[in-house]
Structures are given as C-alpha cells and as structure tokens.
1. Of all the Cα-Cα pairs you can form in the chain, what percent are over 20 Å apart?
2. Measure nothing but the geometry: give the 0 to 90° angle between the long axis through the Cα atoms of 38-64 and the longest principal axis through the Cα atoms of the chain, rounded to 10°.
3. What ranking do 52, 34 get, fewest neighbouring Cβ atoms within 10 angstrom at the top?
4. Do the sum for the chain: with -39,500 (n - 2.57) for every DSSP H run of n ≥ 4, divided by all residues, what is the mean residue ellipticity at 222 nm, to the nearest 500 deg cm²/dmol?
5. Please determine, in degrees from 0 to 90 and to the nearest 10, the orientation of helix 71-91 with respect to the longest principal axis defined by the Cα atoms of the chain, where the helix direction is its Cα long axis.
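Every read-out reported here was derived from the displayed coordinates using simple, explicitly stated rules and does not represent laboratory data. These numbers come from a predicted model, not from an experiment. Cβ: placed from backbone, ideal geometry, glycine included. Neighbour counts: every protein chain shown.
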C-alpha cells in the first residue's frame, strides 16, 4: 500500500515568504512615518505581523517537525493580515 504524500509547511519556504513580506513592510512603515501616512504604517504593520507569524512557524517546524498551529488557523490569520493590509493600501 502506498502512503499519502506528506504535506506540511516548509521551513525554507516560510522564511522566504517572511523575507518577501518583511522588507516591503519595513519600507511601508518608514515611508508612512516620513510622509505622515497612516495607510503606509497600517500596511507595513500588517505585512510585518504576518512575516513574524511565518518566522515563528518556520522555527517551530525546524525544532519539532510540526507546524506551530493548525493550517485552518494559519489561513484565517493570513486572511486577517491581508484584509488589514488592503485597508492600509486603501488609506494611502
């Protein structure tokens, strides 16, 4: 009998996505502070929040081999950060 493929979060991919979100998040926060834009700050905080969550999950996967939280909860937090990010973009 064949076993189903092992699906799970990848430590490397989580870190890559965290970097891809973290750098623009920092740029948005700095730009929001210098241009006094609330939207830039909100968008930057949302991107950094999800990047931090991804780094936390990557470290937990590397340490234990299992994700820090269930996939459903991670998706809901991701969509929450995305909606806050879009609100920030709308306010820009």
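1. On the way: 1740 of 4186 pairs.
Of all Cα-Cα distances in the chain, 42 percent exceed 20 Å.
2. Relative to the chain, helix 38-64 is tipped by roughly 20 degrees.
3. On the way: 52 15, 34 9.
Taking fewest neighbouring Cβ atoms as first place, the list is 34, 52.
4. Numbers: 3 runs with 72 residues, N = 92.
Here the helix-only value at 222 nm equals -27500 deg cm²/dmol.
5. The helix 71-91 is inclined about 10 degrees to the chain.
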